[in-house]
Number of protein chains: 2
Amino acid sequence: MHPVPPEAALAALRWRYATKKFDPARTIPPDVWAVLEQALVLSPSSTGLQPWRFVVVTDPEVRKKLHPAAYNQPQVLDASHLVVFCGKSPPTVADADRHVAHTARVRNVGPETLEGFRKMVVGAASRPPEEGTAWAARQTYIALGVFLATAAMIGVDACPMEGFEPEKFDEILGLKAQGFGSLALAAAGYRHPADKYAGLPKVRFPADEVIEHV
Amino acid sequence: MHPVPPEAALAALRWRYATKKFDPARTIPPDVWAVLEQALVLSPSSTGLQPWRFVVVTDPEVRKKLHPAAYNQPQVLDASHLVVFCGKSPPTVADADRHVAHTARVRNVGPETLEGFRKMVVGAASRPPEEGTAWAARQTYIALGVFLATAAMIGVDACPMEGFEPEKFDEILGLKAQGFGSLALAAAGYRHPADKYAGLPKVRFPADEVIEHV
């Protein structure tokens, strides 16, 4: 693996901003998009449970249905891709068992060698429902962070969004029946040259207000 | 900005794993660590509120105190840096006001031009306390994802950890009095050549089980 020079990574993170106006004429090439999907797949989660689902919406008709449920924000229509980040609500022991069985297959070991690991994963997936749903949501936000950072690194613009009606998204996308709930969106594509937000200075508290050294 | 080739980003994400055994002799150079701190500072959050605090623990004495509260996991002692990700519990209207005032200063505009923005930020920071704390926790996990992805890109190993006792961490680090609660850890440094976990195949559900195309 050839690491990226730290200053190149920093430049990408500074270049990133919550893109408000996407260029509707520009589509993310399939090989580039494939890497962003892999960033989702490879995201880490506690105990490796991956208590999430990512719905990639490119169908313009579905986008049109989702648009009013996202307060008519133009990113939902204009971005090349729209990812709906969904969390398992709640994770179950069946999810834990599936993960442990899959681990045994991938690592080619007998399930009996994973007994300690199984206890840990089942424990994580046995929280009371509301707590479990909140935990899965936090894991899903790790994937959101990984997605946004990776997009920036490879020069793809994105806009994370919580401004939408989750219940309507769940209904339109049929998520509830599958045990998932929508949590956040990421529109991805390329900034429109006329997006005035691209040029505004970033607003962040000074480092010494958010980072404490001990 | 010169984007990273997508295949280089993908290689970094595949190279990444939850490092269990760090090389205690290797320290992240200051200029590299500075970029990882900037990744934290630049992480996006809903309404830009940054309802978080990152405590970077390098003092070996404090590490020793935290170690038993993290079930004696060696990463807490051996990694070059240990970041404690903390969320505001809960965010308050005062936090919102501070953010809006800061925005006005950074962008050199009168506060009266930010009235719509202020309403949105105050709304986000006015949730019932438990809900607000959960929301801040999710935002903080975005920063965790950005940190882990950036570390991987620049060739720094990391281990995200939820296996610790938050109340004990809060007490040892004096977080509660400042309105924060510890949520997750990231140990960062360089993998030990003898970490057997580095060589294990990654366990992820197949892409078509976690990604749905619509």
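The values are calculated or read from the model by the stated rules, or taken from the named source; none is laboratory data. All of these numbers come straight from a predicted model, not from anything done at the bench. Backbone-built Cβ (ideal geometry, glycine too); neighbour counts: all protein chains shown.
Does any residue of segment A:201-210 turn out to be in contact (Cβ under 8 Å) with a residue 40 or more places away in the chain and surrounded by fewer than 22 Cβ atoms within 10 Å (Cβ to Cβ)?
Yes, there is a match, as at least one residue in segment A:201-210 is in contact (Cβ under 8 Å) with a residue 40 or more places away in the chain and surrounded by fewer than 22 Cβ atoms within 10 Å (Cβ to Cβ).
Please pick out the residue among A:V76, A:V55 that is touching a strand residue (DSSP E or B) at 6+ places or on another chain (Cβ under 7 Å), farther than 28 Å from A:S126 by Cα and at pLDDT 95 or above.
Of the residues listed, the single one that is touching a strand residue (DSSP E or B) at 6+ places or on another chain (Cβ under 7 Å), farther than 28 Å from A:S126 by Cα and at pLDDT 95 or above is A:V76.
Might you let me know whether segment A:78-89 holds any residue that is of a type outside the set (S, T, Y) and free of Cβ contacts under 8 Å to residues at least 40 places away in the same chain?
For segment A:78-89, residues of a type outside the set (S, T, Y) and free of Cβ contacts under 8 Å to residues at least 40 places away in the same chain: absent.
Provide a single number: the residues in segment B:12-25 that are more than 21 Å from A:G155 (Cα to Cα) and crowded, with 23+ Cβ neighbours inside 10 Å. Before you say what the answer is, go through the steps one by one.
Step one: of segment B:12-25, the residues more than 21 Å from A:G155 (Cα to Cα) are B:17-25.
Add one more test, that the residue is crowded, with 23+ Cβ neighbours inside 10 Å, and what stays is B:19, B:22.
Number satisfying all stated conditions: 2.
Considering each of A:A101, A:A9, A:A96 in turn, give the residue that is more than 10 Å from chain B (Cβ to nearest Cβ), over 19 Å from the mean Cα position of the chain (by Cα), crowded, with 18+ Cβ neighbours inside 10 Å and part of a helix (DSSP H, G or I).
Working: A:A101 fails: crowded, with 18+ Cβ neighbours inside 10 Å; A:A9 fails: more than 10 Å from chain B (Cβ to nearest Cβ).
Exactly one of A:A101, A:A9, A:A96 is more than 10 Å from chain B (Cβ to nearest Cβ), over 19 Å from the mean Cα position of the chain (by Cα), crowded, with 18+ Cβ neighbours inside 10 Å and part of a helix (DSSP H, G or I), namely A:A96.
Quick one: A:E61 ticks every box in (1) under 17 Å from the mean Cα position of the chain (by Cα); (2) of a type outside the set (K, R); (3) more than 24 Å from A:A136 (Cβ to Cβ) except a single one, so which number is it?
Failing condition for A:E61: (1).
Considering only segment B:102-117, I want to know if a residue exists there that is free of Cβ contacts under 8 Å to residues at least 40 places away in the same chain and basic (K, R).
yes
Could you list all residues from segment B:134-168 that are under 18 Å from B:D31 (Cα atoms), of a type outside the set (A, V, I, L, M) and surrounded by 24 or more Cβ atoms within 10 Å (Cβ to Cβ)?
Once the filter is applied, which keeps residues that are under 18 Å from B:D31 (Cα atoms), of a type outside the set (A, V, I, L, M) and surrounded by 24 or more Cβ atoms within 10 Å (Cβ to Cβ), segment B:134-168 yields B:F147, B:T150, B:D157.
Name the pairs whose Cβ atoms lie under 6 Å apart, with the first residue in segment B:10-23 and of a type in the set (G, A, S), the second part of a loop (DSSP other than H, G, I, E, B) and crowded, with 18+ Cβ neighbours inside 10 Å, and 6 or more positions between them or separate chains?
Short answer, once both residue conditions are applied: none.
Going through segment B:176-214 one residue at a time, which ones are within 12 Å of chain A (Cβ to nearest Cβ), assigned to a helix (DSSP H, G or I) and either hydroxyl-bearing (S, T, Y) or in contact with an Asp or Glu (Cβ under 7 Å, 6 or more places away or on another chain) (or both)?
B:Y197, B:A207
Can you find a residue that is under 18 Å from A:A137 (Cβ atoms) and of a type in the set (S, T, Y) anywhere in segment B:89-108?
yes
Exactly one condition in (1) more than 11 Å from chain B (Cβ to nearest Cβ); (2) out of contact with any Gly (no Cβ under 7 Å at 6 or more places or on another chain) is false for A:D170; which is it?
(2)
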